[in-house]
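Taking it in order: structure first as structure tokens, then the write-up.
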Amino acid sequence: MGLNSGALPLSAAINWVIKDGFGQFGGVIYATMVGQKFDSDPKHQRFWSSVWLQTATWLEMLTPLFPHLFVVIGSVANVGKNIAWLAMSATRASINKTFCRKENLGDVTAKSGSQSTAAGLIGTALGIVVGGTMDVSVYTLILGFVPISLASLWGNY
């Protein structure tokens with residue numbers, strides 16, 4: 001029994017929709033359950049958002065080792081990433097507000113966003129340089145990820 005030419009792309013698309021849908025749904029549930037803590041304890045919530053993000057990234061890195069569990073692992077990782085990004089976004093205003101000297105929250109937020117973008121660009125450039133010198137295997141990537149992940153968590157602590 002053969003597959004028609006559209007069956008494989010349709011199956012892949014459905015897998016991605018399921019994975020992404022679960023991730024978004026998980027973020028909504030998390031916001032519903034924890035939403036009030038974003039203002040009362042933003043630093044604590046911000047740190048835990050970093051833990052969620054690092055854990056989700058770790059899970060994503062494991063998907064090549066378990067291709068038969070791609071949808072399951074990818075869905076759980078997407079839930080973690082959505083929780084992380086939601087918590088980071090929700091706590092950003094409260095944290096930025098502490099840096100305001102006067103009613104300049106927009107200015108502080110813009111500068112914070114610029115710093116985040118610059119850090120992301122520097123990280124991408126370093127990743128390209130370091131990645132070009134490393135063996136391309138899942139195990140090597142995981143070994144490179146661990147110290148960077150720990151440094152990120154330490155920086156957010």
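The values are calculated or read from the model by the stated rules, or taken from the named source; none is laboratory data. Here the structure is a predicted model, which means the values were calculated and not measured. We place every Cβ from the backbone using ideal geometry, glycine too, and count neighbours over all the protein chains shown. With ligands, DNA and RNA removed, areas are computed over all heavy atoms of the protein, side chains included. Shrake-Rupley method; radii C 1.70, N 1.55, O 1.52, S 1.80 Å.
Things to note:
- Each residue in segment 120-148 was checked for being of a type in the set (A, V, I, L, M, F, W, C) and either outside any helix (DSSP H, G or I) or surrounded by 11 or more Cβ atoms within 10 Å (Cβ to Cβ) (or both), and 11 pass.
- Residue check, Val51 free of Cβ contacts under 8 Å to residues at least 40 places away in the same chain, open to solvent by 30 Å² or more (accessible area, probe 1.4 Å) and among the hydrophobic types (A, V, I, L, M, F, W, C): no
- Check on Asn96, open to solvent by less than 40 Å² (accessible area, probe 1.4 Å) and either of a type in the set (Ser, Thr, Tyr) or farther than 28 Å from Gly21 by Cβ (or both): yes
- Conditions (1) among the aromatic types (Phe, Trp, Tyr); (2) part of a helix (DSSP H, G or I); (3) more than 30 Å from Ile14 (Cα to Cα): number failed by Phe99: (2)
- Test: residue in segment 55-72 that is within 26 Å of Thr109 (Cβ to Cβ), out of contact with any Lys or Arg (no Cβ under 7 Å at 6 or more places or on another chain) and either open to solvent by less than 80 Å² (accessible area, probe 1.4 Å) or not aliphatic (A, V, I, L, M) (or both): yes
- Scanning segment 29-47 for residues that are aliphatic (A, V, I, L, M) and open to solvent by 60 Å² or more (accessible area, probe 1.4 Å) gives Ile29, Met33.
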